[in-house]
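Remarks on the structure that follows.
Just so you know, all these numbers are worked out from the coordinates, no wet-lab data involved. Remember, it's a predicted structure, so these values are computed and weren't measured experimentally. Positions of Cβ are backbone-derived with ideal geometry, glycine not excepted, and every protein chain shown enters the neighbour counts.
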């Protein structure tokens, strides 16, 4: 695993300042008007500090034959389940499936508005009563860095069945209402045999439709599927990412290597795709098939070895993801793009607009 040494949980102060609340995307774009599909979002393109404005269906003409899009196939889980500790109501966010069958979980307090707020940690041995008569027992903190996430074991049932029957997608306070799980699945999502998946949607891929994928393929753009199962976000504490399971298949590694050897560009769809493919890269940038756990944090100091560009959503000023964007495109390009995004009223978060950073 790659060391976390040098990670700064909060990046430098951003020139574009605090995100205006009204720029949070509150519902999926297809619910904002009749006849809209997922691709009806705006696309800001940064080439260095040069910025241009587009709609997402224009993406095929912005790419070229030989480019490879690295996409995350992780399925989004209905990861939030109501429970009780004694008489107190809690919400359990199932984050990550461990190799031993345990799950990393976060306990949250319901806030009365359909969302949740951070909850003080509970001691080892705490038992959470869940629907269907099953129990969740907290065993040990996931990391010595804090006790927000715990390894826990389910008794009297299995997690995939529990989530299918009683779970719902994790929802944050900036959204307007609950959405069906289908609203959080991307066109690339493939269920895994062991029930693992992402606690939160790999949202950069959300605007892709089958029609758009077909057009990209017809123009000679290729897709390299990888998987990285994302855990719950850490917006309260701005922690570095916890280890997450990833896989880069042999066929995808070959596609990426062929692009690097030729005239194609390797463009990651989402920060999760960057994390997966960079975790499979050697010091010289060569990519080989690999799977396991990664705690890689991509920062400007570490840099990127494989990806040439990145398609991603818009991240809040304090988000650690911005360090990855700087590693790909440089601080000046990121700041310039975000200043324009705020000025032109682009929308943020998983149902918002998207940003393409090209070399």
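Of note:
- Here, the stretch 134-182 has an Rg and a Dmax of 14.2, 35 Å when only alpha carbons are counted.
- Normalised by 2.2 N^0.38 Å, where N counts its residues, the alpha-carbon radius of gyration of the stretch 84-234 equals 1.18.
- Protection proxy ranking for 214-222, 178-186, using the average of other Cβ atoms within 10 Å per residue and placing the highest first: 178-186, 214-222.
- The ellipsoid equivalent to the alpha-carbon distribution of the stretch 18-176 has semi-axes of 38, 19, 17 angstrom, derived from the gyration tensor eigenvalues as √(5λ) and listed largest first.
- P(r) tail fraction, the chain - alpha-carbon pairs more than 27 Å apart, %: 46 percent
- The chain, relative contact order [Cα under 8 Å, separation at least 6], %: 26 percent
- Between residue 109 and residue 137, the modelled labels are 2.8 nm apart [label points 7 Å from Cα along Cα→Cβ].
- Beta bridges per DSSP, both residues in the chain: antiparallel share near 75 percent.
- Note on residue 65 and residue 318: with the Förster distance fixed at 45 Å, the Cβ-Cβ geometry gives a FRET efficiency of about 0.70.
- Helix 331-343 axis, angle to the chain major axis (alpha carbon atoms, nearest 10°): 80 degrees
- Förster-model FRET efficiency, 25 Å R0, residue 127 and residue 291, C-beta, rounded to 0.05: 0.15
- Among 43-50, 202-209, 294-301, the peptide with the highest mean count of other Cβ atoms within 10 Å heads the list, and the full ranking is 202-209, 294-301, 43-50.
- Estimated from helical segments only, the mean residue ellipticity of the chain at 222 nm is -5000 deg cm²/dmol, where each DSSP H run of four or more residues counts as -39500 (n - 2.57).
- Reference-scaled alpha-carbon Rg (2.2 N^0.38 Å with N residues) for the stretch 80-168: 0.99
- The Kirkwood radius of the stretch 221-337, taken over pairs of alpha-carbon atoms, gives through the Stokes-Einstein law at 4 °C and 1.567 mPa s a diffusion coefficient of 89 µm² s⁻¹.
- Packing rank of 141-153, 317-329, where each peptide gets the mean count of other beta carbons within 10 Å, highest leading: 317-329, 141-153
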